[in-house]
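The values are calculated or read from the model by the stated rules, or taken from the named source; none is laboratory data. In this text, all values refer to a predicted model and were calculated from it rather than measured experimentally. Please note: Cβ atoms are built from the backbone with ideal geometry, for glycine as well, and neighbour counts cover all protein chains shown.
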Amino acid sequence: MKYTIQQSVSGEFDDVVETTIDALKDEGFGVLCDIDVQATLEEKLGEEFRQYRILGACNPSLAHEGLTDEIELGALLPCNVIVYETDDGEIMVSAVDPQQLVGMADNEALDSIATEVHDRFERVLASITEDLESSSEA
């Protein structure tokens, strides 16, 4: 089962992370947490790992609506967006597919919210590519 929507992008890793955060903000999401997996694994385990960041994104109004319909939805929040370096050295931006997550709740009242978040994440991914391409041309 595919549980993410993703986009390969060109650019420097830190620029992609910042562009992703900006694109999320443009779609009404705040980043509640930013986990640097590479730094954490180095610090906690002394292990090397690829560049990998987990951004916990939340749209407050959609989260409120979802929690009102399904109080246990909080176990699936915030929605994670990851930025990581692939084995081939590309940068991938991947977002959890809320339609897959909400399917676990088996509550039809959440379907429209999941569709809205999915559509916003699709726009975020498209925007990242556009923003990085336009900044590299400048």
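Odds and ends about this structure:
- The number of residues in region 7-28 that are surrounded by 15 or more Cβ atoms within 10 Å (Cβ to Cβ) and in contact with a strand residue (DSSP E or B) (Cβ under 7 Å, 6 or more places away or on another chain) comes to 9.
- When the residues of region 97-138 are filtered to those that are part of a loop (DSSP other than H, G, I, E, B) and loosely packed, with under 14 Cβ neighbours inside 10 Å, the one that is farthest from the chain's Cα centre (by Cα) is Ala138.
- Test for Leu24: is it under 13 Å from Ile82 (Cα atoms), modelled with pLDDT of 95 or more and assigned to a helix (DSSP H, G or I): yes
- Residue check, Thr115 within 17 Å of Leu24 (Cβ to Cβ) and of a type in the set (S, T, N, Q): no
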